[in-house]
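Undergrad: Here it is, the structure, as structure tokens.
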Amino acid sequence: MIIIYSTFSDKKEAEKIAEGLLREKLAACVNIFPIGSVYLEEGKIEKCEEAAVFIKTRKINFKKVEKFLSKNHSYDIPCVIGIPVRKTNGKYFQWVKKTLKDGDKEKKL
């Protein structure tokens, strides 16, 4: 299992992407929360409000999620960071596997 972290221009875009990931069975669940970001853009410090997401999926889906985000994201260079899940309760892991395509192919944590 893996959690993919990403950011979006606003909650509406994050919800649209989350719904697409769920429809495609690339995510079992997506958490969305507001954040403030400070970053460098062409040498200048920028500040903005964004929506951040935790996409809960399987490790084997990382490339598919990355491709989906690249195709559907409003940013030229979307943030796509995979965070491996080392431990989770067994029932939750089984739910994630059952919810997603080919869930039986991933080994138990």
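The values are calculated or read from the model by the stated rules, or taken from the named source; none is laboratory data. What you see is a predicted model; the values in this text were computed from it and never measured. Using ideal geometry, Cβ is built from the backbone for each residue, glycine included, and neighbour counts are taken over all protein chains shown.
Undergrad: Could you check region 23-88 for strands (runs of 3 or more DSSP E) lying wholly inside it with 2 or more residues that are without any contact (Cβ under 8 Å) to a residue 60 or more places away in the chain and out of contact with any Phe, Trp or Tyr (no Cβ under 7 Å at 6 or more places or on another chain)? Can you show your working first?
TA: Numbers: elements: 29-41, 44-57, 81-84.
Those strands (runs of 3 or more DSSP E) span 29-41, 44-57.
Undergrad: Here's something else I'd like to know. With Glu41, Glu24, Glu13 as the choices, which residue is of a type in the set (Asp, Glu) and under 26 Å from Arg86 (Cα atoms)?
TA: Values: Glu41 fails: under 26 Å from Arg86 (Cα atoms); Glu13 fails: under 26 Å from Arg86 (Cα atoms).
None of the other options fit; the residue is Glu24.
Undergrad: For Ala14, all conditions in the list (1) assigned to a helix (DSSP H, G or I); (2) small (Gly, Ala, Ser); (3) surrounded by fewer than 14 Cβ atoms within 10 Å (Cβ to Cβ) hold save one; what is the number of the exception?
TA: (3)
Undergrad: Please specify each residue of region 44-62 satisfying the condition of being within 11 Å of the chain's Cα centre (by Cα), surrounded by fewer than 20 Cβ atoms within 10 Å (Cβ to Cβ) and farther than 17 Å from Lys87 by Cα.
TA: Ala52, Phe62
Every residue, every condition in (1) modelled with pLDDT of 95 or more; (2) among the charged types (D, E, K, R), yes or no:
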site: Pro34; (1), (2): yes, no
site: Glu41; (1), (2): no, yes
site: Cys48; (1), (2): yes, no
site: Thr57; (1), (2): yes, no
site: Glu66; (1), (2): yes, yes
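Undergrad: Give the residues of region 63-82 that are exposed (fewer than 12 other Cβ atoms within 10 Å of the Cβ) and farther than 16 Å from Lys25 by Cβ, sorted by residue number. Talk me through it step by step, then tell me what you get.
TA: From region 63-82, those exposed (fewer than 12 other Cβ atoms within 10 Å of the Cβ) are 63, 71, 74, 76-77, 81; that's our starting set.
Lys71, Ser74, Asp76, Ile77, Ile81, listed by residue number.
Undergrad: Among the residues in region 99-108, are any surrounded by 10 or more Cβ atoms within 10 Å (Cβ to Cβ) and acidic (Asp, Glu)?
TA: There is at least one residue in region 99-108 that is surrounded by 10 or more Cβ atoms within 10 Å (Cβ to Cβ) and acidic (Asp, Glu).
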